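The values are calculated or read from the model by the stated rules, or taken from the named source; none is laboratory data. Bear in mind the structure is a predicted one, so any value in this text is a computation, not a measurement. Positions of Cβ are generated from backbone atoms using ideal geometry, with glycine treated the same way; all protein chains shown enter the neighbour counts.
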Amino acid sequence: MRVLGIETSCDETGVALYDSERGLLADALFSQIDLHRIYGGVVPELASRDHVKRLVPLMREVFERAGLQPGEVDGVAYTAGPGLVGALLVGGACARALAFAWDVPALGVHHMEGHLLAPMLEEAPPQFPFVALLVSGGHTQLVRVDGIGEYQLLGESLDDAAGEAFDKTAKLMGLPYPGGPEIARLAESGTPGAFVFPRPMTDRPGLEFSFSGLKTSVLNAWQQCSSAGEVSAQVQADLALGFETAVVETLTIKCRRALKQTGLKRLVIAGGVSANQRLRSSLEKMTAGLKGEVFYARPAFCTDNGAMIAYAGCQRLLAGQQDVSGIEARARWPMDQLPPLQLKA
Ligand code: AMP
Ligand code: ZN
């Protein structure tokens, strides 16, 4: 089965063609980061309008790169949520219209399921069951995954998501959006131990996270340093390293706990923050110590992309699922509400 995947849940327009026999055929992405940068975050109305502009050229591009005529697909998958409703509606309307014109089924896909399954596009994909750490701009969750659609939430952030904490901390340090890659780059020249920030909620049992206090700790340190004059580039790098280390250690401690609690050995990390090199190294070390393994997608498929939606949609369309009513677009959508995948006999 060949599926066109469309992702428009936030500030990236992603389009891809996935074939269940041949794998990923082509993918293309337009990032709106430059459009939103001056506002310090995503402006929903601007995001929707830009998706309208980008979708058709990106679709033309993937069909051409795959050597296919537009419409040579067996289904269309689109992100139905969670996300910005206006942005989701652009992708959903486009997907439903094309599916109608091409007389193929359409299916709304859960964005976080897309992220969670993105490592399946790699050469050595993980086997089920596994524990997944979903770390994106909007979510920080630990999930037990027994199969597609078989998700048990083990713990999540009570306030800011990890990516959000990176973005907000970067903003208070005067760094551009998105903050994750900026902090990671700065942290490379930081002095280890110059700033030590708390590892929130690691001193008590459980798999919940809380990152908003950490951001406040960095703010206090930043204000203290700046009251003594301009914050030097070295102090900025030291703060970035202190913050990144605190987030990485917190995530590592909770992942270790989740593996121990479930008795599972495989850990999957997905979402934008899973591109973080320090996090990957720390989780590799931790899982090796438990004789386990960690899996992640290539950096381009950690952040939002069309390939993950084409893949997830293809699995569900293959199982016979498809949209029956209108365009699906949900701002919120708990992942454990998804139906398990039942393959057709
Ligand atoms: P997503 O919501 O999955 O598209 O991911 C976007 C989030 O990932 C934003 O909050 C980024 O700041 C964050 N991010 C992207 N790359 C990195 C990185 N290398 N380190 C930390 N956070 C990152
Ligand atoms: Zn995402």
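Output yes when any residue across the stretch 58-70 is within 19 Å of the chain's Cα centre (by Cα) and polar (S, T, N, Q), and no when none is.
no
Is it true that Ala80 is within 16 Å of ligand 2 (Cβ to nearest atom), among the aliphatic types (A, V, I, L, M), farther than 30 Å from Leu214 by Cβ and surrounded by 17 or more Cβ atoms within 10 Å (Cβ to Cβ)? Explain how you work it out, then say what you get.
On the way: within 16 Å of ligand 2 (Cβ to nearest atom): yes; among the aliphatic types (A, V, I, L, M): yes; farther than 30 Å from Leu214 by Cβ: yes; surrounded by 17 or more Cβ atoms within 10 Å (Cβ to Cβ): yes.
When the stated conditions are applied, Ala80 passes them.
Listed here are the residues, each with its yes/no results for (1) at pLDDT 95 or above; (2) among the β-branched types (Val, Ile, Thr).
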residue: Gln224; (1), (2): no, no
residue: Thr250; (1), (2): yes, yes
residue: Val268; (1), (2): yes, yes
residue: Gly271; (1), (2): yes, no
residue: Asn276; (1), (2): yes, no
residue: Arg280; (1), (2): yes, no
residue: Glu284; (1), (2): yes, no
residue: Thr287; (1), (2): yes, yes
residue: Phe301; (1), (2): yes, no
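Name the helices (runs of 4 or more DSSP H) wholly inside the stretch 190-290 in which the number of residues that are crowded, with 18+ Cβ neighbours inside 10 Å and among the acidic types (Asp, Glu) is 1 or more.
Working: elements: 212-227, 233-262, 277-289.
The helices (runs of 4 or more DSSP H) meeting that bar are 233-262.
Please work out which one of (1) within 16 Å of ligand 2 (Cβ to nearest atom); (2) at pLDDT 95 or above; (3) not small (Gly, Ala, Ser) is the condition Cys255 fails and give its number.
Against the list (1) within 16 Å of ligand 2 (Cβ to nearest atom); (2) at pLDDT 95 or above; (3) not small (Gly, Ala, Ser), Cys255 comes up short only on (1).
Which count do you get for residues in the stretch 299-325 that are among the β-branched types (Val, Ile, Thr) and either touching a residue at least 60 places away in the same chain (Cβ under 8 Å) or within 16 Å of ligand 1 (Cβ to nearest atom) (or both)? Full working, then the answer.
Filtering the stretch 299-325 down to residues among the β-branched types (Val, Ile, Thr) leaves 303, 309, 324.
Next cut, either touching a residue at least 60 places away in the same chain (Cβ under 8 Å) or within 16 Å of ligand 1 (Cβ to nearest atom) (or both) only: 303, 309.
So the answer is 2.
Looking for something more than 16 Å from ligand 1 (Cβ to nearest atom), polar (S, T, N, Q) and either crowded, with 22+ Cβ neighbours inside 10 Å or at pLDDT below 95 (or both) - is there at least one such residue anywhere in the stretch 161-177? Don't jump to the end; show me each part of the working.
Filtering the stretch 161-177 for residues more than 16 Å from ligand 1 (Cβ to nearest atom) gives none.
Among the residues of the stretch 161-177, not one is more than 16 Å from ligand 1 (Cβ to nearest atom), polar (S, T, N, Q) and either crowded, with 22+ Cβ neighbours inside 10 Å or at pLDDT below 95 (or both), which makes the answer no.
Restricting attention to the stretch 310-320, which residues are over 17 Å from Ala26 (Cα atoms) and surrounded by 19 or more Cβ atoms within 10 Å (Cβ to Cβ)? Walk me through it before giving the result.
Residues of the stretch 310-320 over 17 Å from Ala26 (Cα atoms): 315-320.
Scanning the stretch 310-320 gives Gln315, Arg316, Leu317.
Residues in the stretch 183-195 that are under 13 Å from Gln236 (Cβ atoms) and near ligand 1 (Cβ under 8 Å from one of its atoms): how many?
As a first pass, look at the stretch 183-195 and keep what is under 13 Å from Gln236 (Cβ atoms): 183, 185-191, 194-195.
This time we only want the ones that are near ligand 1 (Cβ under 8 Å from one of its atoms), so: 183.
Result for the stretch 183-195: 1.
What number goes with the only condition from (1) under 19 Å from the mean Cα position of the chain (by Cα); (2) within 20 Å of Thr252 (Cβ to Cβ); (3) among the aliphatic types (A, V, I, L, M); (4) away from ligand 1 (no atom under 11 Å from the Cβ) that Ile148 does not pass?
The single condition Ile148 does not satisfy is (2).
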